[in-house]
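Take a look at the structure set out below.
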There are 2 protein chains.
Amino acid sequence: MSDIRLVGFDGDDTLWRSEDYYRSAEKRYEEIVGRYIDLHDAGTLRHLLEVERRNLKVFGYGAKGMVLSMIEAAIELTDGRIAARDLHQVIEIGRETLQHPVELIDGIREAVAAIAADWPVVLITKGDLFHQEQKIAASGLADLFPRIEIVSEKDPPTYARVLAEFGIDATQFVMVGNSLRSDIEPVVRLGGWGVHMPYPLTWAHEAEHGLAQAHPRVLTVEQAAQLPGAVRRIVEQVRNSA
Amino acid sequence: MSDIRLVGFDGDDTLWRSEDYYRSAEKRYEEIVGRYIDLHDAGTLRHLLEVERRNLKVFGYGAKGMVLSMIEAAIELTDGRIAARDLHQVIEIGRETLQHPVELIDGIREAVAAIAADWPVVLITKGDLFHQEQKIAASGLADLFPRIEIVSEKDPPTYARVLAEFGIDATQFVMVGNSLRSDIEPVVRLGGWGVHMPYPLTWAHEAEHGLAQAHPRVLTVEQAAQLPGAVRRIVEQVRNSA
């Protein structure tokens, strides 16, 4: 049957602010490393990104992996000169990132509630299991999501597995999220639909994607209040093409 | 209906060896810290356990949290004197722990297969999402488990949620695992059944539990080959008491 049967929502920077905290973590990391090296010459954050990407295969996504990469990167950049006390401050950055307040994106509760009134919804989020669970609990949105999937990577095989568990075809699925790389591209590749709601900040790793600027199965909205309308437009498009 | 309808298996130290790698990680941590302090006076591993438990609420379980706690504990114990290069070696301990080979417990594949032939089975494991997924893939046991639940804590609410998703009552559930604290006690508290298969090594944190030595709904086995028999005995007991 050709109809939308499930709407997925990303968590970080779609339901609640996240990247702001990672940016301020990076700023504090730069301050600490700046006690040892000239930040202007060092490409400090580009180097950190390299270390993080190299470590993704072992550490996975999330704040704990970020901190381990920060410690490793700081030791590399300072040629081992960084003091243990300063490395302890890097751990504190991680502790604070893992405990940041959960602030909802403007209007998102109403938007999810409106969509959930008409279609089954699922939260599909990636990162540290423990941290994501805590954010879901603190967000006050758990009541809107009967199903929550915390995954270690958002790629086509992962979405295919989740959709198989729901027993639906990708063509019957809409994913809502801020990341073209993680939320939109893999779903579109499977034949599904995407609603892209960009967030003002994007991690460099997430900014890379292989999606054409305008894809016929992707809508873009500027704010949460436009999400129910975007999902309805997709539903109508699917029905008309049936 | 009074019958066993689901058998759960723990992962670490039930399906595959794990604690051995954490023990050898602790040994390497002691060696590194021992370059700065007298290990005989320091209670190094007791101190590490304190730091780990204090951090559990923020870092959760798993090797990444262990490494962050090790770094913090080493800085504390050495009063900040530890060199960055030595802290980098602590990160290497974590990287190796996260990539340790996955060695199955003797006879476990046959035991799980025998049980799965008669009852639905589920793998319920805790720790770093990414690391657990990698171990499941490397174990070659994924084909035996149609459902896998990776959870952040193994307490009664978590088991209750998993059982609710399966639509079964705790009295219809048997959990197989090495940890009385995480695998057996919470399930028994909910009214379910446990098959305890002790592992030669137990993390101090897991060794604490509030279960009486002999509980009428807990069987103990010494090796994997005894698991199918233990599950059958529970099934018969449940049928006879119906």
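Values in this text are rule-based calculations from the coordinates and carry no lab data. Fair warning: this is a prediction, and the values are worked out from it, not measured in the lab. Note: ideal-geometry Cβ built from the backbone for every residue, glycine included; neighbour counts use all protein chains shown.
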Label-point separation, residue A:242 to residue B:137 (7 Å along Cα→Cβ), nm: 3.7
Förster-model FRET efficiency, 22 Å R0, residue B:161 and residue A:223, C-beta, rounded to 0.05: 0.10
Which shape class applies to the range A:109-226: rounded if a/c is under 1.5, otherwise prolate when a/b exceeds b/c and oblate if not, where a ≥ b ≥ c are the square roots of the Cα gyration tensor eigenvalues? rounded
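Using a 10 Å cut-off on Cβ to Cβ distances, tally the other chain neighbours for every residue of B:22-28 and report the average as a whole number.
Other-chain Cβ atoms within 10 Å of each residue's Cβ, averaged: 0.
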Acute angle (nearest 10 degrees) that the helix B:84-98 long axis makes with the longest principal axis of chain B, alpha-carbon atoms: 20
Listing B:53, B:17, A:147, A:46 from the residue with the fewest other Cβ atoms within 10 Å to the one with the most, what is the order? A:46, B:53, A:147, B:17
Rounded, prolate or oblate for the protein assembly as shown? Axes are the square roots of the Cα gyration tensor eigenvalues, ordered a ≥ b ≥ c, and the cut-off for rounded is a/c under 1.5. oblate
Expected integer from the mean partner chain Cβ neighbour count at 10 Å over B:64-76 is 4
Between residue A:208 and residue A:38, what is the spin-label point distance in nm, taking each point 7 Å from the Cα along the Cα→C-beta axis? 2.9
Label spacing, shortest first and in nm, from residue B:189 to its equivalents in the remaining copies (7 angstrom along Cα→Cβ): 4.3
Compute, for the protein assembly as shown, the length of the dipole vector about the Cα centre, with Cβ point charges of +1 (Lys, Arg) and -1 (Asp, Glu) only. Units Debye, rounded to 20. 740
What angle do you read, to the nearest 10 degrees and between 0 and 90, between the alpha-carbon axis of helix A:227-241 and the longest principal axis of chain A? 50
Peptides ranked, highest mean first, by Cβ atoms within 10 Å: ranges B:171-181, B:210-220: B:171-181, B:210-220
Taking 0.36 nm per residue of separation between residue B:27 and residue B:57 and subtracting their Cα-Cα distance, the length gained on full extension comes to 8.3 nm
Could you tell me how many degrees, from 0 to 90 and to the nearest 10, lie between the Cα long axis of helix A:44-59 and the main elongation axis, the longest principal axis, of the Cα atoms of chain A? 60
Segment residue A:153-residue A:89, extension gain: residue separation times 0.36 nm, minus the distance between their alpha carbons: 20.2 nm
As a test of the formula, what do you get for chain B when each DSSP H run with n ≥ 4 contributes -39,500 (n - 2.57) and the sum is divided by the residue count, at 222 nm and rounded to the nearest 500 deg cm²/dmol? -15000 deg cm²/dmol
What number comes out for the charge environment of residue B:63, summing +1 per Lys or Arg and -1 per Asp or Glu over other residues with Cβ under 10 Å away? +1
